[in-house]
Amino acid sequence: MGDLQGAEKIGKIPVVLPRLPRWRSLLRSFALAKDPLPVLNEALARYGDTVELFIGGVEKSILTRDPGLTQHVLQKNHRNYAKSKFTQGFSRYIGHGLLTNEGPDWLRQRRLIQPGFHRQRVAGLTGLMQEITAETLAPLAARAAEAGGAATVEVHALMTRLTFRIIARSVFSTNFPEAELDRLAGLITEIQAFFVRSIRQPYLKPWFRFKGHFKYHDALAAELRTLLAGLIAQRQQANARPGATPPDDLLQMLLDVRYEDTGEPMTPDRLIDEALILLVAGHETSANALTWLTYLLAHHPSEAVVVQTEMATVLAGRPPTFEDLPRLGSALHAVQETMRRYPPAWMVDRVALADDEYNGLRIPKGTLFSLYFHGLHHDEKYWPNPQEFRPGRFAPGQAPPVQPNAFVPFGGGPRLCIGMQFALTEMQLVTLELLRQFDLEWVPGQPPVTMQPLITLRPKHDFQVRLRLRPTA
Ligand code: HEM
């Protein structure tokens, strides 16, 4: 792929990083834009865990799967690292909520909102998660029963619909007509798709401008905010009625919190920003993880049996409660192993705000980092037979034990995913309900399922799995 330029080693990280020359990066830029994972994996296989390259032949970046350097950037010296202009560009459409915010303002918001995601609130949302999962699976079970016991389903479409309903109703548990829900999902999807295109193909920007695409998507973003503002106003009016009992959902949490220093609530604009970011950050990630989980379990039925057997012992046929989840570890291990193989956030970027140093490696101000979680999750030094799907790796007492720094699906440091507990609970519950009702069968004759790493790691094309009703369901 490229010539190695200088790789003087100190410890694990070379003082002078191996570098893919710009011309070779440029040569590979089309392959990188089309299918980045093989190009990045090839660079790391050839040069080591950390390499300097030029994204698209233009943007100099340090690509790393080194857990120490990843931790340095995300945690140990996190103050020196901000999100890159790519992430910040997203705020044009989705505002300045936690995911896109920076600096002291981000910290103030994070401190304000963090307590709203404590265990008890997530526990309080499990009933809703289960209700929506049951509602979504019921027509499939009916279809399977009618068709003699099995029905095929497009998995990514199913999981996208399910997780959007779960997050939307966890935020706005009341007053959510189906049509508004669909419009909201549609707006977010369309805006996100355009944003990814404008990042991937920056040379098309003049064309997009000429065709009015920026204006059009700005208008969609404005419609999105108006929709949310309406929902928030409805809630405030409902709460103001005498004797009203506000629901215990995430919007109410955002309405109730007060800044420590001023005692004031969030401004209406802020409320929209934060509610919107929860919808955006909280559905595609979980949808992709559950899609890959279904794919993997359909190919490894014996792993599904492990979950079903444990469930039968612990629950004896009743649905699980939040308190049961710790005793249903197999479902969680399947979710974790899926996120190792297919981390929804496959790469996270940061930029150095000032000169820095890590183990002798000089990091000049402005250095762009591509923290390659997918690479780290497949490094043989931490994961024997990394291509194998083995949920048991995450079971207690395994050798070698999972090294926490080598498993980072939710990021790390102060910007660790605020929805981690929510997402894990949601995914564990969905897995349990799916496997309680159905056995999963791969539908033969489909084209190979490949990865499409956009903002999140999704399958390039949807695929089908056959859901076969279980006798006990
Ligand atoms: C499988 C599911 C999920 C995965 C893999 C995931 C992953 C991540 C990662 C890696 C980050 C850090 C990004 C960075 O450091 O640049 C993050 C941040 C964030 N996530 Fe998640 N996430 C998931 C689900 C959720 C859910 C369900 C919610 C909301 C309920 C959520 C809300 C957020 C927010 C608001 C941030 C920004 C936090 C901050 O910077 O303070 N995520 N997520």
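With the Cα gyration tensor of the chain giving a ≥ b ≥ c as the square roots of its eigenvalues, does the rule (a/c under 1.5 for rounded; else a/b larger than b/c for prolate; else oblate) give rounded, prolate or oblate? Oblate. With all protein chains kept in place, the per residue accessible area of the chain amounts to 45 square angstrom at a probe of 1.4 angstrom. The distance from the alpha carbon centre of the range 213-290 to that of the range 58-113 is 22 Å, rounded to a whole number. Oblate is the label for the range 209-297, because the ratio a/c of its alpha-carbon gyration tensor axes (a ≥ b ≥ c) is 1.5 or higher and a/b is not greater than b/c.
Which residue, Leu228, Phe389, Gln201, has the largest displacement toward the positive end of the dipole of the chain when charges sit on each Cβ (Lys, Arg +1; Asp, Glu -1)? Result: Gln201, furthest along the dipole toward the positive end.
Taking the charge dipole of the chain about its Cα centre, with +1 at Lys and Arg Cβ atoms and -1 at Asp and Glu Cβ atoms, the residue from Leu434, Val305, Pro38 reaching farthest to the positive side is Pro38. The mean sequence separation of alpha-carbon pairs under 8 Å and at least six residues apart, normalised by the residue count of the chain, gives a relative contact order of 23 percent. Annotation for the range 201-246: trypsin sites (Lys or Arg not before Pro) lying in DSSP loop with at most 16 further Cβ atoms inside 10 Å of their Cβ are Lys211. Calculate what fraction, in whole %, of the accessible area of the chain sits on carbon and sulfur atoms when a 1.4 Å probe is rolled over the protein chains. That share works out to 56 percent. Basic side chains Lys and Arg get +1 at the Cβ, acidic Asp and Glu get -1 at the Cβ, and with that the dipole of the chain about its Cα centre reaches some 1060 debye. Once all protein chains are placed together, Ile232 keeps about 10 Å² accessible to a 1.4 angstrom probe. On full extension, the segment bounded by Leu416 and Glu42 gains 131.8 nm, given 0.36 nm per residue less the C-alpha separation. Of all stretches in the chain that contain no GluC sites (Glu not before Pro) in a DSSP loop with at most 10 other Cβ atoms within 10 Å, the longest one is 9-259.
The values are calculated or read from the model by the stated rules, or taken from the named source; none is laboratory data. Model, not experiment: these values are computed from the prediction. Virtual Cβ from ideal backbone geometry, glycine too; neighbours counted across all protein chains shown. These accessible areas exclude ligands, DNA and RNA; they are computed on the full protein's heavy atoms, side chains included. Shrake-Rupley method; radii C 1.70, N 1.55, O 1.52, S 1.80 Å.
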